[in-house]
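A short write-up of the structure that comes next.
The values are calculated or read from the model by the stated rules, or taken from the named source; none is laboratory data. Note that the structure is predicted; figures quoted are calculated from it, not measured. Counting neighbours? That spans all protein chains shown, and the Cβs are built from the backbone with ideal geometry, glycine included.
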Amino acid sequence: MLVKNASKVKRNYVETLLGNLDKHKDRYVTRSSLRNHETLEVPTIFFHGTDDEVVPPSQAREMYEMVRNKSIPTALLLFQGEGHGFTRPDTCMKALEAEYCFFAQVFNLTPADLTCDVMIDNLDTWRAES
């Protein structure tokens, strides 16, 4: 899916890494995070731009749902107007703060200088089982 949705420049980059899709489809499937989520066992936060033309936001939502359904602590933050790789300073700051808050909550820490409003699915259940 990644190659089909990518611009020509980005498609060439992916093909440099994985080879031609038609010739190496098995390689694309083998390395796809959508196909390899079974091994994921750790808390995960997803950050995604709504205007991403390389990896559609639907794939981030799908990965998030897969992790959530495994009862692993997870969160998904979508950034309006951002593409593949955040460029706006406010988005970069929000993503960094959200990452910090995510890990602070996972490790049961209280940040001294930041109010954390990242909602983490499965956190209480995961803590009780750990």
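From F46, F86, F79, F103, grab the single residue that is of a type in the set (A, V, I, L, M, F, W, C), under 20 Å from Y13 (Cβ atoms) and within 16 Å of the chain's Cα centre (by Cα).
F86
Would you check if there is a residue in region 122-129 being in the same structural domain as T50 (by TED's automatic domain parsing) and at pLDDT 95 or above?
yes
State which residue pairs qualify: first residue more than 30 Å from T125 (Cβ to Cβ) and inside region 69-93, second residue of a type in the set (V, I, T) and not in a loop (DSSP other than H, G, I, E, B) in any location, beta carbons under 8 Å apart, and separation of 6 or more residues or different chains.
E82/T91
Which of the residues spanning region 33-66 are free of Cβ contacts under 8 Å to residues at least 24 places away in the same chain and not basic (K, R)?
N36, E38, T39, P57, S58, A60, Y64, E65
For (1) surrounded by fewer than 15 Cβ atoms within 10 Å (Cβ to Cβ); (2) among the polar types (S, T, N, Q); (3) touching a Lys or Arg at 6+ places or on another chain (Cβ under 9 Å); (4) farther than 20 Å from A60 by Cα, each residue gets a yes or a no:
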residue: E82; (1), (2), (3), (4): no, no, yes, no
residue: T87; (1), (2), (3), (4): yes, yes, no, no
residue: T91; (1), (2), (3), (4): no, yes, no, no
residue: A112; (1), (2), (3), (4): yes, no, no, yes
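Across region 85-103, which residue is nearest to D52 (Cα to Cα) among those that are small (G, A, S) and at pLDDT 95 or above?
A95
Would you mind finding the one in E82, E65 that is at pLDDT 95 or above and in contact with a strand residue (DSSP E or B) (Cβ under 6 Å, 6 or more places away or on another chain)?
E82
Taking region 104-119, which residues are free of Cβ contacts under 8 Å to residues at least 12 places away in the same chain and under 21 Å from L78 (Cβ atoms)?
Selection gives T115 alone.
Picking from T91, T110, T125, T115, which residue would you name as being of a type in the set (S, T, N, Q), assigned to a helix (DSSP H, G or I) and out of contact with any strand residue (DSSP E or B) (no Cβ under 8 Å at 6 or more places or on another chain)?
Result of the check over T91, T110, T125, T115: T125.
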